[in-house]
Amino acid sequence: MAGNAFAADPAASPYQSAHRGGTLRLTADASGGTLDPQINYVSTNAQIFAVTNDGLTTYAHVDGPGSAVVVPDLADSLPTPLDGGRTYVFHLHPGVRFSTGQPVRPSDVLATMQRIFKVGSPTAGSFYGGIVGAAHCLKDALHCTLAGGVEADDAAGTVTFHLTQPDGEFFDKLAMPHASVVPADTPGHDLGNVPAAATGPYEITEFDPNHGMVLERNPYFRVWSAVAQPEGYVDRIQYDFGLGDEAQVTAVENGQYDWMFNNKPLDRLAELGDRYASQVHIQNMFAIFYMPMNMNLPPFDNLEARQAVNYAVNRRAMAILFGGSAVADPLCEMVPTGIPGRIDRCFYSSGADPDHSVPAWQKPDLARARALVEASGTKGAKVTLIAPNRAIDVSMGLYLQNTLQQIGYDTSVKFVTDSVAFNYIQNTSNKVQISLTDWYADYPAPSNFLDDLFGCENFHPGSDSSINISGVCDAHLQATMDRAGRISVTDPAAGNALWAQAGRQVMKLSAAAPLIQFKYVDLVSRRLGHYTYTLLTHMLFSQVWVR
């Protein structure tokens, strides 16, 4: 399993009842969108779902490297794969209830998996398309049954999955919020501003997408696994929306809030390091900034035009704009450091090309970029770069606008509200040519950056849930990724070699320009204690306390 690459004991910390109680105060510039855990694909709400909802599996709710280890959650154990890795039989913990009081049953799991397809979950094809019957569900979601793929036995308390082929990442995929188990009678459409029934220690009791949300204790929650879903400390979580990142920093410094979601503005980092060092935590994570280019719209339907952008971008400048070398590094490929299957080479740099890479990025090659634009016949084309309106993205966007102008494009930049930017750039109806965005790993595997972002099954024209923003569907690349996924089940080393090959193919297509890999700068209030950070969902709200 991808998560098991991290050798760490995921033992939970003993619960300290003396610190129970109080209100945790959070702030962000905007809401994270829909409250539907099977549709939302924004890290803001993924952090919320970590303490409100559960799947059959999860990542250990502990601090540090152990948080990248897959553990059983609603299931009482990780089953041994049967039938050569195609069959899994999960047994549910008895006595678990939803926040409605209903018991969690295997039939709820079956309905949940069907609902993934019915509501058009962004990862329906990429994560769950290997379940028997999924192919039919992808074609006719309304009548999805997953017949022969998922069997629920309420009397025995078991759920059986049948896969079309072995999948070494199946436990990881079941740990994603999109596989959060919800009651069987949950409506088969986007819940929008209505929260799904919770199983975790907290439930969302109030929500206004323009102002904030409130989480309170789930009265039916009882700890069934302290590693998977421990008891929460605070009684209430108040999450307010609307403050810009500069104001958020000031508010946390002044103790008005205990934590802020957004990246810290560059002009505040020195102040934080000097005056508030004890309240700052710099954390590793699997996250990147990149620029997807639409391969189906001019001028980036031309390979030379896409290569020109890759040669022109100043990755070191992007790292500086993010905050400098302490928190960001130039990124030459689409898989970040710390994940197996990386190439560890640079293809678009001064002194390099797609066939003759160098070990690390050196500097941009504007002369080569201009020559490629000229040769492509796209010089002078009108280009609009789309970026979120967060302070760091604005700085990067303006710099990149200047870069694109320097190599010959008539470039403008359009900043979109952060809460809708990611969905906006995914939808082909918006005719986005090039965009600036970030991507956080769902789980620590190369497929999460290669197949998810460039796989044929993740390109859905006209949909807000089309994470293959570039519109790539390359038969040779797809065959390599499919083979890597199959081989990784029995031979991880050979699988990683194939993922590295797929990474090279992605860079040769130049469908996106990787920019930086970055760390997370976390700022908390003086009164916050027991700071707990997980690699995939950041600060764990249930495990911090307030003095």
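Quick notes on this one:
- The set of residues from segment 26-70 being under 27 Å from Pro94 (Cβ atoms), assigned to a loop (DSSP other than H, G, I, E, B) and not small (Gly, Ala, Ser) comprises Pro37, Gln38, Asn53, Asp54, Leu56, His61, Val62, Val69.
- Asp355 being surrounded by fewer than 17 Cβ atoms within 10 Å (Cβ to Cβ), touching a helix residue (DSSP H, G or I) at 6+ places or on another chain (Cβ under 9 Å) and closer than 28 Å to Gly408 by Cβ: yes
- Residue within segment 262-274 that is crowded, with 23+ Cβ neighbours inside 10 Å and touching a residue at least 60 places away in the same chain (Cβ under 8 Å) present: yes
- Just so you know, in segment 255-271 the residues that are of a type outside the set (Asp, Glu) and within 18 Å of Trp545 (Cα to Cα) include one that is modelled with the lowest pLDDT, and it is Phe261.
- Residues in segment 484-495 that are outside any helix (DSSP H, G or I), out of contact with any Pro (no Cβ under 6 Å at 6 or more places or on another chain) and touching a residue at least 40 places away in the same chain (Cβ under 8 Å): Ser488, Thr490.
- Check on Val159, assigned to a helix (DSSP H, G or I), among the β-branched types (Val, Ile, Thr), at negative phi and at pLDDT 95 or above: no
- Condition check for Leu385: over 16 Å from Ile288 (Cβ atoms), among the aliphatic types (A, V, I, L, M), in the same structural domain as Asp451 (by the TED database) and outside any strand (DSSP E or B): no
- Number of positions in segment 1-44 that are at pLDDT 90 or above and small (Gly, Ala, Ser): 9
- Selection from segment 187-201 of residues that are more than 20 Å from His93 (Cβ to Cβ) and in contact with a helix residue (DSSP H, G or I) (Cβ under 7 Å, 6 or more places away or on another chain): Gly188
- Matching residues, segment 455-477, being within 21 Å of the chain's Cα centre (by Cα) and part of a helix (DSSP H, G or I): Cys456, Glu457, Asn458
- Candidate set from segment 383-438 (those that are aromatic (Phe, Trp, Tyr) and in contact with a Pro (Cβ under 9 Å, 6 or more places away or on another chain)); member that is farthest from His211 (Cα to Cα): Tyr409
- Neighbours by Cβ (under 6 Å, 6+ apart or cross-chain): first from segment 125-143, assigned by the TED database to the domain that holds Ser180; second assigned to a loop (DSSP other than H, G, I, E, B) and among the hydroxyl-bearing types (Ser, Thr, Tyr): Gly130/Thr164; Val132/Thr164
- Residue match in segment 412-434 (condition: in a strand (DSSP E or B), touching a Phe, Trp or Tyr at 6+ places or on another chain (Cβ under 7 Å) and either farther than 30 Å from Thr80 by Cβ or of a type outside the set (Phe, Trp, Tyr) (or both)): yes
- Flag if Gly351 is closer than 26 Å to Ile288 by Cα and either among the β-branched types (Val, Ile, Thr) or at pLDDT 90 or above (or both): yes
- Segment 193-216 - residue that is touching a Gly at 6+ places or on another chain (Cβ under 9 Å) and surrounded by fewer than 19 Cβ atoms within 10 Å (Cβ to Cβ) and, of those, nearest to Gly55 (Cα to Cα): Glu206
- Segment 118-140: number of residues that are over 19 Å from the mean Cα position of the chain (by Cα), within 21 Å of Asp153 (Cα to Cα) and part of a helix (DSSP H, G or I): 1
- All of Leu498, Leu536 fail the test of being over 20 Å from the mean Cα position of the chain (by Cα), hydrophobic (A, V, I, L, M, F, W, C) and not in a strand (DSSP E or B), apart from Leu498.
- At least 2 residues being under 30 Å from Pro364 (Cβ atoms) and touching a strand residue (DSSP E or B) at 6+ places or on another chain (Cβ under 6 Å) is the threshold, and among the strands (runs of 3 or more DSSP E) wholly inside segment 229-334 those reaching it are 280-283, 287-292, 328-330.
- Among (1) out of contact with any Gly (no Cβ under 7 Å at 6 or more places or on another chain); (2) under 20 Å from Ala184 (Cα atoms) - the single one Thr145 does not satisfy: (1)
The values are calculated or read from the model by the stated rules, or taken from the named source; none is laboratory data. Every value quoted in this text rests on a predicted model; they were computed, and no experiment measured them. Every residue, glycine as well, gets a Cβ built from its backbone with ideal geometry; the counts of neighbours run over all protein chains shown.
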